[in-house]
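Right, one structure below, let's go through it.
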Amino acid sequence: MLLMRLSDLPRQCTSEPALHPWCAAYTSDSCPMIGGRLDHYRSFPPRLDTNMLSAPDAAARQGAAAEPWFAVWLAGYRVIIDHGNLAASYAGTRPLRVRPVTWRLPNIF
């Protein structure tokens, strides 16, 4: 299963890691962004441990409106290079199910 932002769906790939369905449910409940409890991304970069890397598109998201998230159920996926970064892709395959995690579309329309 992949948890994907609305902007990831047309591209059929995401830099987010694949998850077991139980872990995806926990993530949806625990993460305020994925769970739809935030309406904007933070406007400043988070303090990271020296062993951590920022997400590839973190700078572009700073201060932007939060996107809806979707759970994409798959029989399989491939790890690809997308804009120089590792990504999970289901291009060329049909998802088993796409379910909205957040129902509202804050500040998008």
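The values are calculated or read from the model by the stated rules, or taken from the named source; none is laboratory data. The model shown is predicted, which means the values in this text are computed figures rather than measured ones. Note that each Cβ is placed from the backbone with ideal geometry, even for glycine, and that neighbours are counted across all protein chains shown.
Worth a mention:
- Residue that is modelled with the lowest pLDDT, among those in the stretch 87-99 that are exposed (fewer than 13 other Cβ atoms within 10 Å of the Cβ) and in a strand (DSSP E or B): ARG99
- Out of LEU19, LEU48, sole residue that is modelled with pLDDT of 95 or more, in a loop (DSSP other than H, G, I, E, B) and not β-branched (Val, Ile, Thr): LEU19
- Listed by first and then second residue, the pairs with beta-carbon distance under 8 Å, at least 6 apart or on different chains, first residue in the stretch 55-80 and under 16 Å from GLY35 (Cβ atoms), second assigned to a loop (DSSP other than H, G, I, E, B) and at pLDDT 95 or above, are ALA71/MET1.
- Failed item in (1) at pLDDT 95 or above; (2) not in a loop (DSSP other than H, G, I, E, B), with SER28 passing the rest: (1)
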